[in-house]
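Notes to accompany the following structure.
The values are calculated or read from the model by the stated rules, or taken from the named source; none is laboratory data. Not measured: the values here are computed from a predicted model. Cβ coordinates were reconstructed from backbone atoms using ideal geometry, including for glycine residues, and neighbour counts include every protein chain displayed. The protein model used for the area step is the full one, side chains on, heavy atoms only, and it has no ligands, DNA or RNA in it. Shrake-Rupley method; radii C 1.70, N 1.55, O 1.52, S 1.80 Å.
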Amino acid sequence: MTDRLSELTATGVAIWLDDLSRVRLSSGGLDRLRREKHVAGVTTNPTIFAKALSDADEYNWQLRELATRGLEVEEAVRMLTTYDVRWACDVMRPSYDKSGGLDGRVSIEVDPRLAHQTAKTVAEAKALWWLVDRPNLFIKIPATEAGLPAITATLAEGISVNVTLIFGLDRYSAVMEAFLAGLEQAKANGHDLSKIGSVASFFVSRVDSEVDKRLEKIGSAEARALRGKAAVANAQLAYERYGEVFSSDRWQALADAGAHPQRPLWASTSTKNPDYRDVIYVEELIAPGTVNTMPESVINAYADHGETRADTITGAYDAAREVFTGLASVGVDMSDVIAVLEREGVEKFEASWLELLDGVRSSLAAAAQGTGAPNQAAQGNAKAAERAGGNA
């Protein structure tokens, strides 16, 4: 049988999983994806954790311990999520070692309520880095205006960063500037640049969702013909900017000091419109030095019927610009689209974080009263606890 995922990896695309749960860890599912499906990294977000903790009984033993200790809910959430991320870092460590630190990364996001507070974001990033205590960790920081200096400051501390919630080209350029400045400061601070990693998570499908909604409202034949084209074009032009920045003399000086480039990571790659091909945001965004983080459903879909071509980005820049010209001509204001998506992106993650806090608060109360589910996972789980660092 054709190993389509292997073919995709051979083009220079790193396949990462956009999901994590304790069930996936304890069952060996994540390790199987690493070994059998070429998965070389993991991304998480507040929505993923909220779902994981609401679905599984495997958190009960730790919730009981946290309740016994009397931890406040926010600290309990940190303990629960960093436990899973620490374990996932250990599962992905072979990929990290094999790739010289490029892949095998696992991401955990700062509290999204801090998205507009620079100093608190940096402090939270440092705390999470210390709690997980694994070299293959990424701290996710949103690419808000307040997030940009936080990115630089965090990298300057020698901490690896996944910049998330990037939607627009100008903001992406600012993210790359923040990355370069962060590495320059890290070098001045005496950090080993070869140990610092970063990706820039450029969101894809949400762009089509917002633009298509506006095109439908406009309703003309010219507008409707542009449906499903904005997201890919936007990402392709982002890769063009990536190529310009990472061929510059400024970058070369950092590369000579051992630095790895900040790879573009295509996020939000599951199609929201069932009329579109389910692997379109993989097939149309193939280029060397990129990461595509997918839910398992998209990984399986690509393994089944994905079509791998050598490079579907670098020859498409002119066509992508034509898409943007067409959007402007029918009245779609892309700057407003990007502003709406960034605001909604932060709001959605804040809502998921609050849902996570509410769920853990209820679970802690039940555990404290002795009404929680039986401590099934505690028995026979010593090995897992040791692997995850043993911290409740």
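Looking at the chain, what % of its DSSP beta bridges pair antiparallel, to the nearest 5?
On the way: 0 of 29 bridges.
For the chain, the DSSP antiparallel bridge percentage is about 0.
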- request: May I ask for the Kirkwood hydrodynamic radius of the range 199-318, worked out over all distinct Cα pairs and given in angstroms to one decimal?
  value: 15.6
- prompt: Hey, how many Å between the Cα centroid of the range 182-204 and the Cα centroid of the range 29-84?
  reply: 26
field: 5 angstrom amide H check on V291, placed H, neighbours 5+ away
entry: A14, L265, W266
query: Radius of gyration and Dmax for the range 237-285's Cα atoms, expressed in Å?
result: 15.5, 47
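If one computes P(r) from the Cα atoms of the range 136-262, what percent of pairs lie at distances over 27 Å? Walk me through the numbers on the way to the answer.
Details: 2163 of 8001 pairs.
So the portion of pairs separated by more than 27 Å is 27 percent.
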query: How about the range 265-318: which chymotrypsin sites (Phe, Trp or Tyr not before Pro) there lie in a loop by DSSP and see at most 15 other Cβ atoms within 10 Å?
result: none
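Using only the C-alpha atoms of the chain, find the volume of their convex hull and express it per residue in Å³.
139
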field: Reachable lysines, given that their alpha-carbon falls under 30 Å from the alpha-carbon of K98 and they are not under 8 places away in the same chain
entry: K37, K126, K140, K187, K195, K383
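Take the solvent-accessible surface of the protein heavy atoms, probe 1.4 Å, and return the percent of it on the range 184-319 that carbon and sulfur atoms account for.
Values: 2710 of 5600 Å².
Percent of accessible area from carbon and sulfur atoms in the range 184-319: 48.
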field: Within straight-line cross-link reach of K217, lysines at Cα separation under 23 Å, skipping those fewer than 8 residues along the same chain
entry: K229, K272
message: On the principal axes of its Cα set, how long, how wide and how thick is the range 1-103? Give whole Å, largest value first.
response: 51, 28, 20
- request: Any chance you could tell me what percent of the C-alpha pair distances in the range 31-159 go past 23 Å?
  value: 37
task: Summarise the accessible area of the range 42-87 (1.4 Å probe, protein heavy atoms) by the percent that is carbon and sulfur.
output: 44
statement: Taking a probe of 1.4 Å and leaving out DNA, RNA and ligands, the chain shows per residue an accessible area in Å² of 41
statement: Mean separation of Cα contacts under 8 Å (at least 6 apart) over the residue count of the chain, i.e. the relative contact order in percent, is 24
